[in-house]
């Protein structure tokens, strides 16, 4: 998935822009957060529910090879499973009798789960002078956020 995402972010800006601006799904860059923070970031936000069609998600997939869509779907499936296992362990640890009381929200066919792929481009000379915000102040509204590190400092 990482290789395919890097391929998307390497596309010419005009092609990436066809998948944005995010609303909330799709491609976005630079403007982050409700306060209008400006950062050195670009991202793709995708709906994790394949039954829910979104024009911006479709636009992302139109700009990429089929293997990208397949990688996204496989990755989301695996992350959902990990998330559910963690939520079930949390429910057990909290003494919640129905072990699936939290995980069923993720497994629900109407789940609003999403996948966000962030990309931090190498800083250009003019950007070096900007005050850079990686992702900006925000909260994650989902029941659980699973983060993957790519060994990049910061």
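Take segment 81-118 and flag every residue that is under 28 Å from residue 29 (Cα atoms) and assigned to a helix (DSSP H, G or I).
Once the filter is applied, which keeps residues that are under 28 Å from residue 29 (Cα atoms) and assigned to a helix (DSSP H, G or I), segment 81-118 yields 83, 106.
For segment 41-49, state whether one or more residues are more than 15 Å from residue 116 (Cα to Cα), modelled with pLDDT under 95 and surrounded by 11 or more Cβ atoms within 10 Å (Cβ to Cβ). If you could, list the steps in order and put the result at the bottom.
Going residue by residue through segment 41-49, those that are more than 15 Å from residue 116 (Cα to Cα) are none.
Checked against the condition, which is being more than 15 Å from residue 116 (Cα to Cα), modelled with pLDDT under 95 and surrounded by 11 or more Cβ atoms within 10 Å (Cβ to Cβ), segment 41-49 yields no hits at all.
What number goes with the only condition from (1) within 15 Å of the chain's Cα centre (by Cα); (2) modelled with pLDDT of 80 or more that residue 105 does not pass?
With (1) within 15 Å of the chain's Cα centre (by Cα); (2) modelled with pLDDT of 80 or more applied to residue 105, the lone miss is (1).
In segment 59-80, what count of residues is obtained for those that are assigned to a helix (DSSP H, G or I) and surrounded by fewer than 13 Cβ atoms within 10 Å (Cβ to Cβ)?
Qualifying residue count for the region: 7.
The values are calculated or read from the model by the stated rules, or taken from the named source; none is laboratory data. Values in this document were obtained by computation on a predicted structure and should not be read as measured data. Glycine gets a Cβ as well: all are built from the backbone with ideal geometry, and neighbour counts include every protein chain shown.
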